[in-house]
Amino acid sequence: MNDLEFAFRQLLKNPGFTAVAVLTLALGIGANTTLFSIINAVLLRPLPYPESDRLVWVGETRPDLRFTSANPGAVSYLNFIDVRAQQTVFESIGAYQPTGGSPGAFLIGDEPVRMEIQRMSADAFAALKVTPVLGRTFSNDEDRWPSTPSVVLSYRIWQ
């Protein structure tokens, strides 16, 4: 107990040192908390799908195409069809294509709403082991060109 009293007396005698020490500790703790939160969200927390530890992402590269966050090794649709037909390793394989950040505009009632759109193959839902709450997902006939456009809505949009 005497050591704690001595430490507090020394800190009170040197307010400049105390302020620097407290600020250094606060910045260190804040930086570590932020870094852990990011790592936990990106790397440690599992994806919100059943058996997410068994999911893999496959992409392709070409010498003339740079691998960037905007184009993270995208696979052409015809290559996806070939891989899907020839693969024997995966239980299920699906493809998706983000719209690149440009949302679509839809009318919900009389009100226009902007929302993100992604194109998906029929097998993407099976690969993620996701089933719809109501209705159905895409069929393999809807994967072929030309076909009637279909849509699967998220639960939030449906509500």
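The values are calculated or read from the model by the stated rules, or taken from the named source; none is laboratory data. If you're wondering where the values come from, they're calculated on a predicted model, not measured in any experiment. FYI the Cβ positions are ideal-geometry reconstructions off the backbone, even for glycines, and counts take in every protein chain you see. The area values use the complete protein model at the heavy-atom level, side chains included, leaving out ligands, DNA and RNA. Shrake-Rupley method; radii C 1.70, N 1.55, O 1.52, S 1.80 Å.
Observations
- Here the Karplus curve 6.51 cos²θ - 1.76 cosθ + 1.60, taken at θ = phi - 60°, turns the phi angles of region 122-129 into couplings of 4, 7, 4, 5, 5, 5, 7, 6 Hz, with x standing for Gly and Pro.
- Karplus-derived 3J(HN,Hα) values for region 135-147, using 6.51 cos²θ - 1.76 cosθ + 1.60 with θ = phi - 60°, are x, 9, 8, 6, 9, 5, 5, 7, 7, 7, 9, x, 8 Hz; glycine and proline are entered as x.
- Accessible surface of the chain, 1.4 Å probe, proportion on carbon and sulfur as whole %: 62
- Whether region 1-51 is rounded, prolate or oblate, judged on the alpha carbon gyration tensor where a/c under 1.5 counts as rounded: prolate
- Positive dipole terminus of the chain, leading residue within W145, A74, F6 (C-beta point charges): F6
- Spin-label pair V133/L78, simplified geometry with 7 Å Cα→Cβ offset, distance in nm: 4.1
- Cα gyration tensor shape of region 100-147, rounded if a/c is under 1.5, else prolate or oblate by comparing a/b with b/c: prolate
- Identified option (computed P(r) over Cα pairs in 10 Å bins from 0, in percent; candidates (1) 12, 45, 35, 8, 0; (2) 8, 22, 27, 15, 8, 8, 9, 3, 0; (3) 10, 31, 33, 17, 7, 1): (2)
- Surface listing: R136, R114 arranged by accessible area from highest to lowest gives R114, R136, probe 1.4 Å.
- The residues of the chain present an accessible area of 85 Å² per residue when probed at 1.4 Å with all protein chains retained.
- Note on E111 and S92: the extension gain reaches 3.0 nm, defined as 0.36 nm multiplied by sequence separation minus the Cα-Cα distance.
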